[in-house]
Number of protein chains: 2
Amino acid sequence: MKLQVTQENLNRALGSVARVANSRGTLPILANVLIKTSNNRLSISATNLDIAITHYIGAKVSEEGSITVPARLMQDFISNLPSGIITLDLSDTKLNVTTDKYQSVVNGIMSDDFPVMPAITKGKKWSISGKEFKKSLQQVVLAASSDETRPVLTGVLFNTFEDSLFIAATDSYRLAEKRLTKTKEEVDLLIPASSMQDLLRILGDNEEEVTVTHDEQQVLFQVGDIELVTRLIDGKYPDYRKLIPEKFATEAVLQRSDLVNVTKVSSLFARESAGSVTIDVSEEEQSLSIRSVASQLGENTATATAKVTGSGSITLNSRYLLDALGALSGDQVSFGFNGKLEPTLLRDLKSKDYRHVIMPLKS
Amino acid sequence: MKLQVTQENLNRALGSVARVANSRGTLPILANVLIKTSNNRLSISATNLDIAITHYIGAKVSEEGSITVPARLMQDFISNLPSGIITLDLSDTKLNVTTDKYQSVVNGIMSDDFPVMPAITKGKKWSISGKEFKKSLQQVVLAASSDETRPVLTGVLFNTFEDSLFIAATDSYRLAEKRLTKTKEEVDLLIPASSMQDLLRILGDNEEEVTVTHDEQQVLFQVGDIELVTRLIDGKYPDYRKLIPEKFATEAVLQRSDLVNVTKVSSLFARESAGSVTIDVSEEEQSLSIRSVASQLGENTATATAKVTGSGSITLNSRYLLDALGALSGDQVSFGFNGKLEPTLLRDLKSKDYRHVIMPLKS
């Protein structure tokens, strides 16, 4: 293998894939990235067996070949080189990396042992705007669980309902759902939330389309020159829609920034009670107050003005409330619930596409 | 105690002092800040028994008094409040903190038990420009040791030599010295480097004077409305001046940014050898090259052009070299040494006020 690439391209490709490589695993080769020529392109790949990412860049190839090299070293090294032409020249398993000022030898492992994800031969294929997809994923993925004892809850569900494509995630304490787009495709995919975090890092802020291809076991996302393949999670997702309240005995509409501020201050006094705060909504006062439960440190009551229909109070985890408010984007939020023991719904006043549910705590 | 302050002032004062309070210690009250009125001023203090910081702010006091409250809670709380007037009202040991939107009760501990640093009654007093002092401290304090088994090396030495005031620090692997100013005062103070880190956080970028007062046990730094008192370290500091080379068999002068780049890249390949790299200076080639020792990962040689007198090579810890280059400020550096086993000196080409010595490794 012998070729030339620009530092900018190689650095960008390593930035896309290197995080997936893992040096703490049992297979040493999974700490490496695979570098492989094909005509006048170079592919840079990494995998952790659940997910594989490949980034293609242009290259001036004078001799075809492939090798795997340590991902972290390679990424740190290339990112510290000045911009310009880099020559990669493989002799045996030693990759010679040279520029005019730097001569390096990186010790590799033969690419024969590098695991390859099976290709998706026949599957469904559809596409979506990258910018919208990125924002929606960010709003939903935070509600997924990281507890591996209930694998289905560690996933993000892509599903068709009444001619629309929805994504949803829940850890059983809170739930986030976003309507993505109209669709005629029947979609039902449960994708690891960790893979969606990797996809988020890849999705740029540009309008590039994301192409999605899937079969029974896997899903492939293609964005520009980057491909991400991930396994699907097996199992039946809970019927979450029946948990989302549609009508409210108590509803407060207020400035999102006001609710963020009063929640933040109250949460400081709720550290000993694991973040538990009580929200009092008063129709008479047209206000929403947050009380932290009295503790060794002290206590706090913070009040914001709100448009209120129906008084009531509910106890929530303030961290979940702050997460939800961070995921909403409008200036005004609606905060609604039906008594102490029922789920609370937060949403933007102007849009029903994104719904965020938080289960109450016993107070 | 009853008074009004602005959120801005109280927040600034807590920002200056709260980091010194320590919740992991044995005395619970040391996790608190002392809040105390005196006429129309409010003092906010924290101490860890080695160091005490007090910040004075203006206040509208209607009832004198004092209390201690948890430092971290108070700082987080006040920093999250909107700007404007805050009322502090003490009843028993409960401090009521109110603004128009927030009502909080912070549980305090009586101030009687709060330790007070002894005052400096008769001592020497001098002053120095804050801006120059800050930069100089930053250049020197990084060379101090954090190993408590040799306490003198955890200090920064302030000392007078040939009518100039110098500060110096060494951990026995490297040494940094800065000439601060001309002086007629005989100064010989060994101050904990950790206290100097606290002082650095307090020193602004403005031209404010720092007033220094010291006796046999303690030193007081006054900057604007802030006072920092720290104990001194007992013990004889090594006679470091004889370690600083004055003449060189080998000297390279080069762009500081070039030397930073080649060192960074080589250090990536030196992780397995604890950062050890070999610097080759060639008079014939008029260049400085850095080689990382061959390892499991690979190896690297990086070259920068330099003005060289006398060829030679030396092995150093690349982390110390990067620290030294970060502390220097000019465009061009001089890198000089006398054979493999003698200390290396780095300095700005245009100034001899700052000298940084690194001891060689065996190669």
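Quick notes on this structure:
- Being crowded, with 22+ Cβ neighbours inside 10 Å, away from chain B (no Cβ under 12 Å) and modelled with pLDDT of 95 or more is a description that applies to A:Ala46.
- Within region B:71-97, considering residues that are among the charged types (D, E, K, R), within 10 Å of chain A (Cβ to nearest Cβ) and in contact (Cβ under 8 Å) with a residue 12 or more places away in the chain, the one farthest from B:Lys36 (Cα to Cα): B:Arg72
- Within region A:262-275, considering residues that are away from chain B (no Cβ under 12 Å) and surrounded by fewer than 18 Cβ atoms within 10 Å (Cβ to Cβ), the one nearest to B:Gly108 (Cα to Cα): A:Ser273
- Candidates are the residues of region B:287-314 that are away from chain A (no Cβ under 14 Å) and farther than 20 Å from B:Ile244 by Cβ; the one that is surrounded by the most Cβ atoms within 10 Å (Cβ to Cβ) is B:Val308.
- Of all the listed residues (B:Thr230, B:Thr315, B:Thr309), the sole one being closer than 29 Å to A:Ala71 by Cα, of a type in the set (S, T, N, Q) and at pLDDT 95 or above is B:Thr315.
- B:Asp100 surrounded by fewer than 19 Cβ atoms within 10 Å (Cβ to Cβ), at pLDDT below 95, more than 14 Å from chain A (Cβ to nearest Cβ) and on the phi < 0 side of the Ramachandran plot: no
- Filtered residues of region B:313-363 (kept if farther than 16 Å from B:Ala270 by Cβ, within 24 Å of the chain's Cα centre (by Cα) and basic (Lys, Arg)): B:Arg347, B:Lys352, B:Arg355
- Considering residues of region A:103-112 that are at the interface with chain B (Cβ under 10 Å from one of its Cβ atoms) and either touching a residue at least 12 places away in the same chain (Cβ under 8 Å) or in a loop (DSSP other than H, G, I, E, B) (or both) only, the residue farthest from A:Ala21 (Cα to Cα): A:Ser104
- Region B:325-341: number of residues that are modelled with pLDDT of 95 or more, assigned to a loop (DSSP other than H, G, I, E, B) and surrounded by fewer than 20 Cβ atoms within 10 Å (Cβ to Cβ): 2
- Scan of region A:73-88 for residues that are over 32 Å from the mean Cα position of the chain (by Cα) and part of a loop (DSSP other than H, G, I, E, B), ordered by number: A:Gly84
Conditions (1) in contact with a strand residue (DSSP E or B) (Cβ under 8 Å, 6 or more places away or on another chain); (2) assigned by TED's automatic domain parsing to the domain that holds A:Lys178; (3) surrounded by 20 or more Cβ atoms within 10 Å (Cβ to Cβ); (4) at pLDDT 95 or above, marked per residue:
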residue	(1), (2), (3), (4)
A:Ala59	yes, no, yes, yes
A:Ser66	yes, no, no, yes
A:Ala119	no, no, no, no
A:Ser136	yes, yes, yes, yes
A:Gln139	yes, yes, yes, yes
A:Ala144	yes, yes, yes, yes
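- Each residue in region B:17-28 was checked for being surrounded by fewer than 21 Cβ atoms within 10 Å (Cβ to Cβ) and either modelled with pLDDT of 95 or more or among the small types (Gly, Ala, Ser) (or both), and 2 of them qualify.
- Being in a strand (DSSP E or B), away from chain B (no Cβ under 14 Å) and either closer than 30 Å to A:Leu232 by Cα or touching a Pro at 6+ places or on another chain (Cβ under 9 Å) (or both) is a description that does not apply to A:Ser62.
- The one condition from (1) within 27 Å of the chain's Cα centre (by Cα); (2) buried (at least 20 other Cβ atoms within 10 Å of the Cβ); (3) part of a loop (DSSP other than H, G, I, E, B) that B:Val210 does not meet is (3).
- Condition check for B:Leu259: more than 14 Å from chain A (Cβ to nearest Cβ), in contact with a strand residue (DSSP E or B) (Cβ under 9 Å, 6 or more places away or on another chain), surrounded by 19 or more Cβ atoms within 10 Å (Cβ to Cβ) and closer than 24 Å to B:Asp353 by Cβ: no
- Check on B:Pro70, over 22 Å from the mean Cα position of the chain (by Cα) and farther than 30 Å from A:Val260 by Cα: no
The values are calculated or read from the model by the stated rules, or taken from the named source; none is laboratory data. Because the structure is predicted, anything quoted here is derived from the model rather than measured. All Cβ positions, glycine included, derive from the backbone under ideal geometry; neighbour counts span all protein chains shown.
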